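Read the structure below first, then the notes.
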Amino acid sequence: MEKVVQFLKDAGTYYLATVDGDQPRVRPFGTAHIFEGKLYIQTGKSKDVSKQLHANPKAEICAFMDGKWLRVAGELVSDDRRDAKVSMLDAYPSLQSMYSADDDNTEVLYFKNATATFSSFTDAPEVVKF
Ligand SMILES: Cc1cc2nc3c(=O)[nH]c(=O)nc-3n(C[C@H](O)[C@H](O)[C@H](O)COP(=O)(O)O)c2cc1C
């Protein structure tokens with residue numbers, strides 16, 4: 001899983017797809033952090049992306065860098081514990097001007113039943129499950 005998080009950090013931006021009824025939704029994201037051995041992302045509960053994930057946790061992210069792309073498919077589960085939020089905000093100090101572990105908006109979610117696939121035009125796909 002460290003390789004997955006490192007790829008997401010090195011790529012800088014990944015695209016998070018959610019399900020909204022029968023309509024896929026996708027947007028750029030950047031947060032990726034390991035806490036208690038799980039891959040977490042961060043968002044705001046006020047955002048549509050959060051509402052979509054609460055209605056249907058199935059999600060997929062995709063990042064591209066240096067001729068390789070990574071997809072992570074699974075479920076994103078909200079973790080409302082303060083420790084998990086603090087860990088994320090400590091890892092991303094730039095978020096601290098907009099979010100705090102004690103506001104009503106900050107949300108962190110971790111991947112469950114995830115399948116990560118590294119692909120390229122030349123090499124065989126590499127699959128990591130976590
Ligand atoms: C490079 C980049 C990285 C971003 N990273 C995040 C992020 O990690 N978490 C987040 O909630 N929003 C992030 N955003 C903002 C979301 O893309 C934006 O709020 C989006 O509209 C959320 O999707 P929604 O409108 O479907 O709720 C990022 C935007 C950019 C341009």
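If the chain linking Lys47 and Phe121 were pulled fully straight, counting 0.36 nm for each residue of separation and taking away their Cα-Cα distance, it would gain 23.1 nm.
Across the chain, the relative contact order, built from alpha-carbon pairs under 8 Å that are at least six residues apart, equals 25 percent. Here the Gaussian network model covers the chain, with springs between Cα atoms less than 10 Å apart; of Tyr99, Tyr40, Tyr110, Tyr99 fluctuates the most. For region 2-71, the set of trypsin sites (Lys or Arg not before Pro) satisfying both a DSSP loop assignment and a count of at most 16 other C-beta atoms within 10 Å is given as Lys45, Lys47. Distance from the Cα centroid of region 60-130 to that of region 1-26 is 7 Å (rounded to whole angstrom).
For GluC sites (Glu not before Pro), the sites in region 26-130 that DSSP calls loop and that have at most 15 other Cβ atoms within 10 Å are Glu36. In this calculation the C-beta distance from Arg82 to Ile34 is compared with R0 = 22 Å, giving a FRET efficiency of 0.80.
Of the residues Val5, Gly21, Gly44, the one whose Cα sits farthest towards the positive end of the charge dipole of the chain is Gly21 (charges of +1 on Lys and Arg Cβ, -1 on Asp and Glu Cβ, taken about the Cα centre).
With a cut-off of 14 Å on the backbone N, the residues of region 100-115 near the modelled label site 7 Å out from His54 along Cα-Cβ are 104-109.
Note on the chain: lysine pairs with Cα distance below 18 Å, sequence gap of 8 or more or different chains, count 19. Here the Gaussian network model covers the chain, with springs between Cα atoms less than 10 Å apart; of Met65, Met88, Met98, Met98 fluctuates the most.
Shape class of the chain from the alpha-carbon gyration tensor: prolate, with a/c at 1.5 or above and a/b greater than b/c.
Taken together, the values in this text are just the output of simple stated rules run on the coordinates, not laboratory data. This structure is a prediction, so every number in the text was calculated from the model and none was measured. Because the Cβ atoms are built from the backbone with ideal geometry, glycine has one as well, and the counts that use them run over all protein chains shown.
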